[in-house]
Amino acid sequence: MYQGPTYYGRAQLKPSPFNNWVVGGYVFLAGLSGGAALISAIADAVRPIGAAGAVRRGRYLAMLAPLVGPLLLIEDLRTPSRFYNMLRVAKGTSPMSIGTWILMAFSAFAGLGAAAQFASDRLGWLWPRRAARATQVPAAVAGAGLATYTAGLFAATSTPLWAAAPQSLAVRFGASSVAAAGAALSLAERSARTRRALDAITVAALATELAATEASHRSYRRAGVDGALDGAWGQVEKIGATGLGAALPLGLLVASLALGRRAGRLSQAASLATLAGSALLRMSIMGAGDDSARRPEISLRFSQPDNLPRV
Amino acid sequence: MDMHPRALEQSNSQFGGPIPNESELTAGVRIEPGKSYGFFTDTTLCIGCKACEVACKEWNNLPADNLGLTGQSYDNTGALSANTWRHVNFIEKAGVRENDLAPFQSGWLMMSDVCKHCHNAPCLEACPTGALFKTEFDTVVVQQDICNGCGYCVPACPFGVVDLSDLDGKAHKCTLCYDRLKGGLEPACAKSCPTDSIQFGEIGELQQRARERVGELHRLGAEEAYLYGTPGAPGATGDLGHLNAFFLLTDRPETYNLPAAPTRASNRVVPSLFSGLAAVAGLALAAAAMFARR
Ligand code: SF4
């Protein structure tokens, strides 16, 4: 912790003006949709017949971000009537601009895929199925971007907690997105075999997320910003997102996979916890980041020369 | 200060309009597009009169933020905000001079803070609409007809400068008097500063003047004087480049609520995106393996 002078304890930085429920909700949905597009494309490529249900539900689930996401993002603008100005430039230095275009691309491909899926479900035509298969690869690629760019959006600011661990934060977000999508698809899955595959994916993603969480916390301690997690949002991050939302479902899923067929309830409970944890992760990181910007002893510590990137 | 020879031509009040290239008379510099302009704020000259704050509010038509008292020395402004683009810090320090007066009688540090108009400005790089741009005078300005109030520039700024206004839902900050520069006028704060603590000019020339001033102060025995925001100095760290509004300080930066070593936020975009994508790619491979299993 920084011990030197502050200016009457006043903030040295301004916290983000984002509404953490609205924007955090978007970040969660973006991850869920991106992950769903990815898992559905992989399922279709590897097990097209056996996992057809998961493939179909994944294509529909992917529509959450295109349908709800823009509403949340526009709601959070202070001048919402000018939302279209987001589309007048494309800037590689601005993850918000990168994300705008990723969301556009994802919406186009996922939208075509869902529409084609709908056509083949309802009308029984064959060619829409091929169309859905053609769009699922670009949708999965854009989905991977959608699931992770939001971490870059936070990392590319001067908010100490977000800037202190750019890499592990992105791994956490990406893994949490895959876990949430696996959990959501597992909840609706009727084939026991596919559900086991989905649960195993969630296990891998949750384990990755927990490892990245540990790496993040180590970076926070090294940069001297770990005090930002002492507040209420920090407790939500530690107990809610990491404990009940990642470690607990990981244990439940491992148990349910070991028990085999009779463990449907365990899998369901784990899936619900994973989804809640994924949402809480985004909101708590946003809230704790704002805390870190408000507290001068943290921001002035973070901007000490020993935290400069090595060149 | 010597009078500019052209000032003699302007002995009478004029009502026809501004004096052409008036900045030549008031700041000794002609304002031309394509050159870099900025502020050199010499805190050793600041007397805390807040003329800069007032001039800024007057010229830019900015409402007051706070009419109360903060109890923090003479600083009742508090911080830079959407409505406050110059802010005078007041720091009362003990032990600055060899006497036994109370700090408020002898230990003043005062500093007129402002947007730094960073060379690689994080606010500008973060702006997703292109509302924030570099002007022909190498300053950083928010175009009010484009800003949609997303607020992403606010956490991007390493100095806590730019801010959203509740009144109009747009981001606001110092424009280095873009409108005045276009009309050949020195920015309002610099023009109003009675001690020339705020000096406006071309960056190269200002930096030269600032280095000389530091040398002069060192000769006078004020060895703690140093520059903040010139190339290679504190404040111009982490790939930010130099700051077009830079400062002469006499205590560590944190005393003035300035970061010792700020960084360029956009340098974190690529490492973050690539690690995230790599992790998702790895999980995708794992997912393929899970589905392939019997
Ligand atoms: S000081 Fe802040 S608001 Fe001013 S140019 Fe730099 S990043 Fe932008």
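Readers should treat all values here as calculations from the given coordinates under stated rules, not as data from a laboratory. All of these numbers come straight from a predicted model, not from anything done at the bench. Please note: Cβ atoms are built from the backbone with ideal geometry, for glycine as well, and neighbour counts cover all protein chains shown.
Applying 1/(1 + (r/R0)^6) with r as the Cβ-Cβ distance of A:D121 and B:K134 and R0 = 51 angstrom yields a FRET efficiency of 0.45. Here B:K134 is the anchor, and the lysines within straight C-alpha reach of less than 19 Å, apart from those fewer than 8 places off in the same chain, are A:K91, B:K35, B:K116, B:K170, B:K173, B:K182. Once you sort the root eigenvalues of the Cα gyration tensor of chain A as a ≥ b ≥ c, which label holds: rounded (a/c under 1.5), prolate (a/b larger than b/c) or oblate (the other case)? Taking the square roots of the gyration eigenvalues as a ≥ b ≥ c, chain A is oblate. Shown for chain A are the DSSP H helices of 20 Å or more along their axis, judged by Cα atoms, with a mean Kyte-Doolittle hydropathy of at least 0.5: A:20-46, A:95-123, A:166-188. For an R0 of 30 angstrom, estimate the FRET efficiency from the Cβ-Cβ distance between A:R310 and A:Q3 and round to the nearest 0.05. For R0 = 30 Å, the calculated efficiency reads 0.75.
Remark: spin-label model distance B:T26-A:V89 equals 3.0 nm, labels positioned 7 Å along the Cα→Cβ axis.
Each peptide in A:223-230, A:54-61 was scored by the mean count of other Cβ atoms within 10 Å over its residues; highest first, the order is A:54-61, A:223-230.
Within 10 Å of the Cβ of each residue in A:145-155, the mean number of Cβ atoms contributed by other protein chains is 5.
If R0 is taken as 22 Å, the Cβ-Cβ distance between B:D179 and B:R209 corresponds to a FRET efficiency of 0.30. Taking N as the residue count of the protein assembly as shown, its C-alpha radius of gyration divided by 2.2 N^0.38 Å amounts to 1.11.
The residues neighbouring B:E136, those whose beta-carbon lies less than 12 Å from its own, together hold a net charge of +1 under the Lys/Arg +1, Asp/Glu -1 convention.
When +1 charges are put on Lys and Arg Cβ atoms and -1 charges on Asp and Glu Cβ atoms, the dipole computed for the protein assembly as shown relative to its Cα centre reaches about 3820 debye. In chain B, excluding the sites themselves, the longest stretch lacking any of the GluC sites (Glu not before Pro) that are in a DSSP loop with at most 16 other Cβ atoms within 10 Å is B:1-97. The residue among A:G264, A:A183, A:G50 whose Cα reaches farthest toward the positive pole of the charge dipole of chain A, with charges on the beta-carbon of Lys, Arg, Asp and Glu, is A:G50. Per residue, the convex hull spanned by the alpha carbons of chain B comes to 198 Å³.
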